[in-house]
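Below is one structure, written out as structure tokens; the observations come after it.
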Amino acid sequence: MNFKNIPGHTSQIKEWTSLVNADRIPHAWLLLGPNGSATLPMAIALANYIQCEKKEGDSCGVCRSCIKSSKWIHPDIHFTYPVVKKDNLKREDTISKHFSNQWRSFLTERPFDGIKSWINYISSTTTFANINTAECNDISHKLGMQSFEGKYKIQIIWMAEYLAKDSNRLLKLIEEPTDNTIIILIAENQNKLLPTIISRCQTFRVPKFSDQEIGSYLDTLSLDASINKEEIKHLAFGDIEKARKLSENTQTKYADMLLDWMRISWKSHPQGIFDFVNKLAQNSKEEIKMFFEYGLHFLREYLVYLYTKDTFKMRLSDREKNTALQMVKTINVEKAQALSLLFEESLGLIDRNINVKILFSENSFQLERIMKSK
């Protein structure tokens, strides 16, 4: 993973490479960014750049260090990440190195994915994950040793929130690191980190991707011609993991589904609703959640237009904008807000494993009631 593999973030990359080139590298970094942002890829690209033997604006990709980094086997770049119990090991003895093969595969296949994707990747049944005491002791041991090849030993701790109280064990190491040691903590929620940890790090905020950057990422994928990239960009809303998942769903057309559902609900034809609900229920749980998230996105942008009367401020395609303009006579601000609340409640019910057919049937009548209300 090099900086060139990450869409955008040019000013931040320039800042970081300048720090490295001037030999002013902070010994403790804290990268803060939401799920689906570039925090982990940026941390990896930074570590690779620091270790590169022929760096010039980016890692060279051909030196001995870069070749090992590209395979995730550089002996002086260490990774820590939340894990679950594995095989016959006790949970308190299970640490990151026991999942190193899966971690390398995960980084190769899904470098921008978040913690839920990682936990699902390594476990089909267990959802509880953390970074435990044994892991902290292993970090201290590794960083207490001499570097093998590079000048620096680099420790990347992904999802540092999962350290919880065990982060106290790393305080001294972060405050007084061993020679030529760099620690990079990555987190989504600063409030879940100990203030004493935050105060010992130099904090960098990694923003969400822009629509243009999401588009650049989608251009690198081999997508089916039927995929609506504009719809994906808008629905992803800066989350590149969500953009990947949406791009893999070649069948679902959320805009068409939403419009069809509203039309059928308006007509209140029982057989039409029954047929539509059966068809919709054939989608996976993840796809149904995406559908409701699309509905919320569409209604947010629709409300933007109702308040501003400016179509240029709507993050919708031209076709979606035309649909929105046709709705103005029927759906006002209050109705759009009521529909948004209905979709939000539906998302929560799906996570609680409600029967999808019952949910959509009930919602169809709720849609009619809201749209036809005075």
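The values are calculated or read from the model by the stated rules, or taken from the named source; none is laboratory data. Remember, it's a predicted structure, so these values are computed and weren't measured experimentally. Positions of Cβ are generated from backbone atoms using ideal geometry, with glycine treated the same way; all protein chains shown enter the neighbour counts.
Observations on the model:
- Against the numbered list (1) under 19 Å from residue 267 (Cα atoms); (2) outside any helix (DSSP H, G or I); (3) under 30 Å from the mean Cα position of the chain (by Cα), residue 353 comes up short only at (1).
- Output for segment 266-299, where each listed residue is small (Gly, Ala, Ser), farther than 18 Å from residue 353 by Cβ and under 34 Å from the mean Cα position of the chain (by Cα): 295
- When 98, 78 are checked against the criterion of being more than 30 Å from residue 15 (Cα to Cα) and in the same structural domain as residue 184 (by TED's automatic domain parsing), 98 stands alone in meeting it.
- Output for segment 140-159, where each listed residue is at pLDDT 95 or above and of a type in the set (A, V, I, L, M, F, W, C): 154, 156, 157, 158, 159
- Applying the set (1) touching an Asp or Glu at 6+ places or on another chain (Cβ under 8 Å); (2) among the polar types (S, T, N, Q); (3) modelled with pLDDT of 95 or more to residue 101 leaves exactly one unmet item: (1).
- Candidates in segment 9-27 are the residues that are hydroxyl-bearing (Ser, Thr, Tyr) and either outside the structural domain of residue 48 (by TED's automatic domain parsing) or under 23 Å from the mean Cα position of the chain (by Cα) (or both); of these, the one that is nearest to residue 217 (Cα to Cα) is 10.
- Members of segment 220-242 that are modelled with pLDDT under 90 and either over 30 Å from residue 329 (Cβ atoms) or assigned by TED's automatic domain parsing to the domain that holds residue 288 (or both): 220, 221, 222, 223, 224, 225, 226, 227, 229, 236, 242
- Conditions (1) touching a helix residue (DSSP H, G or I) at 6+ places or on another chain (Cβ under 8 Å); (2) among the hydrophobic types (A, V, I, L, M, F, W, C); (3) over 16 Å from residue 231 (Cα atoms); number of the one not met by residue 341: (1)
Here is a yes/no grid of residues against (1) in contact (Cβ under 8 Å) with a residue 12 or more places away in the chain; (2) out of contact with any Gly (no Cβ under 8 Å at 6 or more places or on another chain); (3) on the phi > 0 side of the Ramachandran plot:
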position: 271; (1), (2), (3): no, yes, no
position: 280; (1), (2), (3): yes, yes, no
position: 309; (1), (2), (3): no, yes, yes
position: 317; (1), (2), (3): yes, yes, no
position: 350; (1), (2), (3): yes, yes, no
position: 355; (1), (2), (3): no, yes, no
position: 359; (1), (2), (3): yes, yes, no
position: 364; (1), (2), (3): yes, yes, no
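- Just so you know, in segment 300-314 the residues that are surrounded by fewer than 17 Cβ atoms within 10 Å (Cβ to Cβ) and of a type in the set (D, E, K, R) include one that is farthest from the chain's Cα centre (by Cα), and it is 309.
- When residues of segment 246-265 are limited to those that are farther than 20 Å from residue 315 by Cα and modelled with pLDDT under 85, the one nearest to the chain's Cα centre (by Cα): 248
- A Cβ distance below 9 Å, combined with a sequence gap of six or more or placement on separate chains, defines the contacts here; from segment 162-184, residues that are under 26 Å from residue 51 (Cβ atoms) reach residues that are modelled with pLDDT under 90 and charged (D, E, K, R) in the pairs 163/169; 180/151.
- None of 6, 95, 50 is under 25 Å from residue 221 (Cα atoms), in contact (Cβ under 8 Å) with a residue 24 or more places away in the chain and of a type in the set (A, V, I, L, M) except 6.
- Number of the exception - residue 103 against (1) touching a residue at least 12 places away in the same chain (Cβ under 8 Å); (2) within 25 Å of residue 188 (Cβ to Cβ); (3) of a type outside the set (Asp, Glu); (4) outside any helix (DSSP H, G or I): (4)
- Check on residue 67, over 21 Å from the mean Cα position of the chain (by Cα), in a helix (DSSP H, G or I) and surrounded by fewer than 16 Cβ atoms within 10 Å (Cβ to Cβ): yes
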